[in-house]
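Written below as C-alpha cells is the structure these notes are about.
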C-alpha cells in the first residue's frame, strides 16, 4: 500500500504545472521541436498532404503519466489555425487536454501529441471553451506515411486526426473521450493580458516573439500549393 501511494504521489507531481515546463517560452520551444520531429519522421511521420489540408494544428508536448488520478491534467499545449485567406497561420492559442484513453501513459512515460483539425466545424470547436473528442467532434488515429492514400473511411470523415510520439516511436492515437479546454492562464502568460482563443485566432493578433519559431515551422511544413 505504501508503494502504491508513493507511486501515485510521484505521478501527481509529474502532472502539476510546477513540475512540467514552467514558462510559455519553454512549452512553445518543446512544441516546435515535437512538431518538426513528428513531421520529418521519414516514412512514419504525419502525411504531408494532410498537413496541407489541415485547418488547425495542435501540439501538446511532454504529456505526463496520471491515467488513474481523477481530474489530473494530462497536458498543456498550443494550437494555430489558418488565417481566413488560407495563407499563413494565426498567433497560437493555449489549450489543456485531459481525460480519455490514457492507459498508455501510466508509469511515468512522456508522450508528445500532434492533432490535425481537418475542417471548419472542428476549427469552430477549437475556438470554444471546451469540447470532447468523440463527442462534439469526431476523432480518429491518424494514418502515418508520406501520403494519406491508405486512409480508412473513419479517418477520412474524422474532424480531428491524432498522432503520438513516445520514446522515439511514432503512430496514430485514439483520443476518444478526451476533453480539450481553453487555457486562459497560459494565454495571459504568453500575451501579457487576458485574451480568448477566439480573439487570438480571429482578431489578427500579432504573434509574440516566444511563438515565432512555432508559427515559422507551421509555415514551412504545411504550405498549400
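The values are calculated or read from the model by the stated rules, or taken from the named source; none is laboratory data. Just so you know, these numbers come straight off a predicted model, no measurement behind them. Backbone-built Cβ (ideal geometry, glycine too); neighbour counts: all protein chains shown.
Okay, here's what the table says:
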read-out: Spans of strands (runs of 3 or more DSSP E) in the stretch 67-139 with at least 1 residues under 18 Å from residue 35 (Cα atoms) and at pLDDT below 90; value: 75-81, 93-98, 111-117
read-out: Criterion violated by residue 34 - all others in (1) modelled with pLDDT of 90 or more; (2) under 21 Å from residue 184 (Cβ atoms) satisfied; value: (2)
read-out: So residue 162, is it at pLDDT below 80 and crowded, with 18+ Cβ neighbours inside 10 Å; value: no
read-out: Total residues in the stretch 177-206, condition within 18 Å of the chain's Cα centre (by Cα) and crowded, with 16+ Cβ neighbours inside 10 Å; value: 13
read-out: Meets criteria (within 14 Å of residue 75 (Cβ to Cβ), in contact (Cβ under 8 Å) with a residue 60 or more places away in the chain and crowded, with 21+ Cβ neighbours inside 10 Å) for residue 46; value: no
